[in-house]
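The values are calculated or read from the model by the stated rules, or taken from the named source; none is laboratory data. Just so you know, these numbers come straight off a predicted model, no measurement behind them. Cβ placement follows ideal geometry from the backbone for every residue including glycine, while neighbour counts extend to all protein chains displayed.
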Amino acid sequence: MSVAINISHGVKKYGDTTVIPDLSLSVKNGEFFTLLGPSGCGKTTLLRMIAGFNSIEGGTFKFNDTVINDMDPGKRGIGMVFQNYAIFPNMTVRKNVEFGLKYKNFPKDKVREEADKFLRLVHVDQFADRMPERLSGGQQQRVALARALVIRPDVLLMDEPLSNLDAKLRVEMRTVIRQIQREVGITTIYVTHDQEEAMAISDRIAVMNKGVINHCGTPINIYLRPANQFVATFIGKSNILRGQLSESGGKALLTFGNGYTAPIATVRPEEIRRREVNVSVRPEEFVIRPAGAETREGIEAVVQDSVFLGSNTHYFVELSGGEKAEIIQETDIDSIIAPGSKVSLSVNMKKINLFDSETENSIMKGVINRTDEQDPGR
Amino acid sequence: MTNRRFRLDFWSAVSLILLCTFLLFLVYPIGGLLKEAFFKDGAFTMDAFAQFFSKKHYYGTIGHSTLIGVSVTALSLLLGIPFSYFYSFYELTGKKLIFVLCLLCTMSAPFIGAYAWILLMGNSGLLTGLLRAVGITGVSIYGFGGVVLVQVLKLFPLVVIYMNGAFRDIDNSLLEAAESMGCKGIERFKRIIMGLTMPTILAAALLVFMRSFADFGTPVLIGRGYTTFPVLIYNEYLGENGADFHFAAAVSVIAVLVTAAIFLAQKAASNRFKFTINSLHPVAPKKPGKVAGILMNVYCYALLAVALLPQLYIINMSFRNYTNSILKPGYSLVNYQKAIEKNLFRALGNTLVISIAALAIILVIAVLISYLVVRRSNFINNLIDTISMMPYIMPGAVIGISLVIAFSGKPFSLTGTLTIMIIALVIRRMPFTSRSATAAMMKIPISTEEAALSLGAPRAEAFTRITVPMMSSGIISGAVLSFVSIITEMSSGVILYKNSTMTLTIGTYTCITSGIYGVAAVFATVTTVLTVLCLILPLSEDLQIGRFQCLISALFIFLSSVQCGRRVLHYPYSILTGALCTV
């Protein structure tokens, strides 16, 4: 049986240092929810509070309607997968998986059968009688997953489970994890600092920084309409440029550093006024036109360097105002622009995001940032 | 980790029990010792200290002990560092054998070496006789030189074992980097290798000093007029006008002040050498040049031979015919018969009971302490850790005296029991075992235990089923060494024993002092054989040799030494003595 998780006003302190000041969050039954953030942002701390390995200094943590604040980890009905797998090195693979069943009053004669079932689910049944040290990292991680799932937990907690694997295996394993999670249909909280992994695997993501959830929403919304500048720069790559917003007949106009002005339709009406803004332009949202072609208005720039990466080419340019930016263009035949070339840039005005230059919060329409339950919208 | 209000869970209960245990068996006796030193008939007095500093006979002992400690430390480093350098950086013949022999040297009972040298170079010793035959007289093992010699031969292998670990941690690329900048040979040894191993050199130096400074067996047997402070404590305790606890306590306090000062000085010195090496490419031993190789082998094996052969000679002497202290020609088992009459089996039984009980208690407490310190670091647990480390700077004789003072009367009458001997040994060996247990615990990721908790295991069970098995490989070799040093322990036991609780080492000592040398040789032989067995059997797996082979080789060493003694030593010796008689 799977549960919904509800955290209201959670607080974590180490001595006098407050790590998580006030955090509220709801995770739906059966949802794959990811805590994403740079190291030290409090995501693992929060996960360990849910698991019961960290004490809770304030607020209520609930699984369905049960308050779990002071419950022993073993009684919360969690299954946990650790960053270093934490496979018991002194037991065989099968004994590892059987370990938890002993404490769940599972009928003794069915233990082996049940363990084998989950070993098959994660495809390590052929190694059942091996000692863990003779398994590769990916296999150990599968065993860890089987061990966490076999006790039929209400919640699956995963703490950077893939960060010790090599890049190729990481991609393979995240698909495995996602598949198994769907099959079992268990509420899952997943911690990672890898934004690509988070996007690929999650129903919803909470981007955390300094103990605060900055944006909680679907991968698509977080990428396209980040709630603030931190989220914009942490998820994917964003060039932050200075800009000036002005109003003309109820419509918004955006002026870039060198005077290039274009209308923008995606700003929230109440935010439209004359003001300084930070413009976040992702590298693929620039459009390059060689200078001097049919010169329309644009931001003037000089290409400083280019990196050819196969399907894409990255350009590093200096804008006429002195700002630097990175641009990604699809590679075309004979189209690589030589360093030193002057170009004119325009931007995809539908996609760019504007942030208040002081608060760095988004002033765009379509930002969905809610920490309570909602439809994932997928 | 927790900010929660104090909750009495499994581990808090363990904390409290350990704290009470240490308060009772360590802090209370030390308090008693201080009270005894500073109070007489209920009034504060410094008269014992005044008495100590009034006579050279008294205050000289601290000087003697310190001088011996410093000399032994310096010489052990001088002999041990080159030995270990050859051993770690070059391919020598029979490396494993060298390592086992080093271990045997340093783990043998402290005073058996001294007794062996008496048999060789005492007034009627083998070598003394030989030298006298060629006209050299005046060479004697007794006094300062003898004590230093015996202790150095026992302690230099300790430096070798320590330094070997440090040398293996050196990253080869550091040496290559030095060489690429033109720093080679002796220069490189001095500037790079010594520098990198300085923390270990200092640690080894401290250990050697503490052992040498606190040694009772060697100076009491061959010190003669050169009295050291453990001997003084013992003499005052066994004084002719009854035990003078007051003075013995004062001497103990002064001794601990000296060791504490040395300990702090060492700490200050090693604080200047704090760094870590990431040893990705350990140095692979090289093949030495032909001449150099022979010289290195000769150096290592000759040193080990000088250190070990005398002890084998004791085994030979245990089969010789003796009438009390007079050596008679011929071999027989008469000494063994007499030894059995002198309760050899009871001593053996006592030794085994004490060692096994002490080791079991030490292991349990050390593992618990290591868990509390690493996983549950808080004020009380750190306090327990600090208290448990205190015996590191307390010489065995001091621990013996404090326990006698604390537990000789009501409410705890323990003197003369096996219990108090076990307590003494637990206290003595605790710091070493708890350190190695803490190191082992630090290597275990906390998540393994949390995994067990998350799967529903209770805390105590997660600890016993997961954590302890994971630690065991890390603490087993330490436990073996502790076990052997408990078997060969003497300095605290000699104060605490009575006839019914006599151990093998104390049996040896009492036989020597009452002049029945043959029986003493039997006791010493049994101790040595037990030591060898205890060392080699459990370590055989590490050394990658079969257990059976070990048993065979241990027996072989024993038998061959007897044979050697008969054929090689006996005949020239009897010819020589015969020749001397005819002259």
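Odds and ends about this structure:
- Failed criterion for A:LYS62 (all others in (1) under 24 Å from A:VAL231 (Cβ atoms); (2) in a strand (DSSP E or B); (3) more than 14 Å from chain B (Cβ to nearest Cβ) hold): (1)
- Top-ranked residue of the stretch B:428-487 - restricted to ones that are aromatic (Phe, Trp, Tyr) and within 15 Å of the chain's Cα centre (by Cα), ranked as nearest to the other protein chains (Cβ to nearest Cβ): B:PHE483
- Single residue of the stretch A:11-54 satisfying the filter (in a strand (DSSP E or B) and within 14 Å of chain B (Cβ to nearest Cβ)) that is surrounded by the fewest Cβ atoms within 10 Å (Cβ to Cβ): A:THR17
- Applying the set (1) farther than 15 Å from A:PHE32 by Cβ; (2) without any contact (Cβ under 8 Å) to a residue 60 or more places away in the chain; (3) under 10 Å from the mean Cα position of the chain (by Cα) to A:GLN195 leaves exactly one unmet item: (2).
- Residue within the stretch B:364-376 that is under 28 Å from B:VAL231 (Cβ atoms) and either assigned to a helix (DSSP H, G or I) or over 22 Å from the mean Cα position of the chain (by Cα) (or both) present: no
- Flag if B:LEU79 is in contact (Cβ under 8 Å) with a residue 24 or more places away in the chain and closer than 15 Å to B:GLY223 by Cβ: no
- Within the stretch A:65-93, tally of residues that are under 24 Å from A:LEU135 (Cβ atoms) and away from every other protein chain (no Cβ under 12 Å): 2
- From the list B:THR433, B:THR467, the lone residue that is under 30 Å from A:ARG147 (Cβ atoms), of a type in the set (S, T, N, Q) and buried (at least 19 other Cβ atoms within 10 Å of the Cβ) is B:THR467.
- Single condition A:ASP129 does not satisfy, out of (1) surrounded by fewer than 17 Cβ atoms within 10 Å (Cβ to Cβ); (2) part of a helix (DSSP H, G or I); (3) among the charged types (D, E, K, R): (2)
- Residue match in the stretch A:76-93 (condition: without any contact (Cβ under 8 Å) to a residue 24 or more places away in the chain, in the same structural domain as A:GLN126 (by TED's automatic domain parsing) and assigned to a loop (DSSP other than H, G, I, E, B)): yes
- Taken over the stretch B:32-87, the criterion of being assigned to a helix (DSSP H, G or I) and β-branched (Val, Ile, Thr) is satisfied by B:THR61, B:ILE62, B:THR66, B:ILE68, B:VAL70, B:VAL72, B:THR73, B:ILE81.
- Selection within the stretch B:130-173 - in contact (Cβ under 8 Å) with a residue 60 or more places away in the chain and among the polar types (S, T, N, Q): B:GLN151, B:ASN164, B:ASN172, B:SER173
- Annotation: B:ALA50 fulfils all but one of (1) surrounded by 14 or more Cβ atoms within 10 Å (Cβ to Cβ); (2) more than 26 Å from the chain's Cα centre (by Cα); the unmet one is (1).
- Elements of the type helices (runs of 4 or more DSSP H) sitting completely within the stretch B:238-348 and holding at least 2 residues that are under 30 Å from B:PHE49 (Cα atoms) and within 28 Å of the chain's Cα centre (by Cα): these cover B:245-271.
- Long-range neighbours under 7 Å by Cβ, at least six apart or interchain, first residue closer than 17 Å to A:VAL302 by Cβ and outside the structural domain of A:LEU224 (by TED's automatic domain parsing) within the stretch A:237-260, second at pLDDT below 90 and part of a loop (DSSP other than H, G, I, E, B): A:LEU241/A:GLY257; A:LEU241/A:GLU323; A:GLY257/A:GLY321; A:GLY257/A:GLU323; A:ASN258/A:SER320; A:ASN258/A:GLY321; A:TYR260/A:GLU297; A:TYR260/A:GLY298
- The stretch A:103-138 - residue that is more than 26 Å from B:ALA460 (Cβ to Cβ) and within 14 Å of chain B (Cβ to nearest Cβ) and, of those, farthest from the chain's Cα centre (by Cα): A:GLU133
- Flag for B:ASN324 being touching a Gly at 6+ places or on another chain (Cβ under 9 Å), in contact (Cβ under 8 Å) with a residue 40 or more places away in the chain, farther than 27 Å from B:ALA214 by Cα and surrounded by fewer than 16 Cβ atoms within 10 Å (Cβ to Cβ): yes
- Considering A:ARG182, A:ARG152, A:ARG174, A:ARG142, the condition of being surrounded by fewer than 19 Cβ atoms within 10 Å (Cβ to Cβ) and either away from chain B (no Cβ under 14 Å) or more than 24 Å from B:ALA457 (Cβ to Cβ) (or both) is satisfied by A:ARG182 alone.
- Answer from B:SER318, B:SER332, B:SER325 - the residue that is more than 30 Å from B:PRO29 (Cβ to Cβ) and touching a Ser or Thr at 6+ places or on another chain (Cβ under 7 Å): B:SER318
- Helices (runs of 4 or more DSSP H) lying entirely in the stretch B:433-547 (those with 1 or more residues that are out of contact with any Ser or Thr (no Cβ under 9 Å at 6 or more places or on another chain), within 30 Å of A:VAL97 (Cβ to Cβ) and without any contact (Cβ under 8 Å) to a residue 24 or more places away in the chain): B:446-454, B:459-462, B:468-487
- Test result for B:LEU26, away from chain A (no Cβ under 14 Å) and surrounded by fewer than 16 Cβ atoms within 10 Å (Cβ to Cβ): no
- Given (1) farther than 17 Å from A:VAL184 by Cα; (2) modelled with pLDDT of 90 or more; (3) more than 9 Å from chain B (Cβ to nearest Cβ), index of the condition A:LEU165 fails: (2)
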